[in-house]
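A short worksheet on the structure shown next.
The values are calculated or read from the model by the stated rules, or taken from the named source; none is laboratory data. Here the structure is a predicted model, which is why all the values come from computation and not from measurement. In this analysis, Cβ positions are derived from the backbone assuming ideal geometry, glycine residues included, and neighbour counts consider all displayed protein chains. Just so you know, the surface numbers come from the protein's heavy atoms only, side chains and all, with ligands and any DNA or RNA stripped out. Shrake-Rupley method; radii C 1.70, N 1.55, O 1.52, S 1.80 Å.
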Amino acid sequence: MLTESFAVPAPAGDALRQLTIDCLSEHGWSQQNFFLPHDLTLALAAECRALNGGGAMALAAVGRGAAQALRPEIRSDRILWLNAGQSAACDRYLLIMNDLRLALNRALFLGLDEYESHFAFYAPGASYLRHLDRFRDDDSRTVSVVIYLNPDWLTEQGGALRLHPDGAAASDIAPEGSRLVLFLSADMAHEVLPATRDRLSLAGWFRRRA
Ligand code: OGA
Ligand code: MN
């Protein structure tokens, strides 16, 4: 039996995740390439395509509660909310996001209690005008997450996520497969620019209970 305590080196993935979290706290947003394992990205992309092809995804609404409405001139992606147990790939993804939630809480004391997420399918030309993810009457959404499912995205295909940080220049992020983007839901105005090819993603929110 070992009685001494050894410094166990953290896996490389932990160091990278820490950098991503540090960057979020410093700038209000961060991105990490190759966040999801490649095989998981492919499985999630295939699932999203199958759901869309099978008619399971619906035009996303804007607003909340009584103010909720379909406004395709504002937002024209189709979405499907995830439920635990819907597929092995979704469950793997939800476990990874739970680890990220705990890491955010440890590093930034955010007190994030839960995660909600949906697949999003933007057909060519679909977009989402500039908005904030936090609702006027519900401040539970704290950190927004987007993970992209599109292998070999080219800048000229459009579809960037454009972030508008307060007091800083806008940043365009291409929706390349396995890439993670995090930003603070309350503060970060952002928009999705139209693309010339299908644009698949998982959008999610770490929330605090009221
Ligand atoms: C959203 C959103 C960004 C993206 O769903 O609220 O802003 O890049 N998505 O898909
Ligand atoms: Mn948004």
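A compact table of results
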read-out: Selected residue (criterion: farthest from ligand 2 (Cβ to nearest atom)) from residues of region 177-210 that are touching a strand residue (DSSP E or B) at 6+ places or on another chain (Cβ under 6 Å) and charged (D, E, K, R); value: ARG208
read-out: Residue check for LEU24: open to solvent by less than 50 Å² (accessible area, probe 1.4 Å) and in contact with a helix residue (DSSP H, G or I) (Cβ under 7 Å, 6 or more places away or on another chain); value: no
read-out: Per-region count, region 100-115, residues surrounded by 14 or more Cβ atoms within 10 Å (Cβ to Cβ) and charged (D, E, K, R); value: 2
read-out: Test: ASN33 is of a type in the set (S, T, N, Q), surrounded by fewer than 14 Cβ atoms within 10 Å (Cβ to Cβ) and modelled with pLDDT of 95 or more; value: yes
read-out: Matching residues in region 171-198 - criterion: being away from ligand 1 (no atom under 11 Å from the Cβ), in a strand (DSSP E or B) and either of a type in the set (S, T, N, Q) or farther than 26 Å from ILE96 by Cβ (or both); value: SER171
read-out: Count of region 112-162 residues which are more than 12 Å from ligand 1 (Cβ to nearest atom), under 14 Å from ASP187 (Cα atoms) and among the polar types (S, T, N, Q); value: 2
read-out: Subset of region 100-122 (residues that are more than 16 Å from ligand 2 (Cβ to nearest atom) and within 17 Å of PHE35 (Cβ to Cβ)); value: LEU100, ARG101, LEU102, ALA103, LEU104, ALA107
read-out: Residues that are in a strand (DSSP E or B) and in contact with a Leu (Cβ under 7 Å, 6 or more places away or on another chain), drawn from region 145-170; value: VAL145, VAL146, ILE147, ASN150, GLY158, ARG162
read-out: Residues being over 21 Å from LEU104 (Cα atoms), within 12 Å of ligand 2 (Cβ to nearest atom) and open to solvent by 10 Å² or more (accessible area, probe 1.4 Å) - total across region 133-173; value: 3
read-out: Qualifying positions in region 50-83 - surrounded by fewer than 18 Cβ atoms within 10 Å (Cβ to Cβ), modelled with pLDDT of 95 or more and farther than 24 Å from GLU191 by Cβ; value: ALA50, GLY53, GLY54, GLY55, ALA56, ASN83
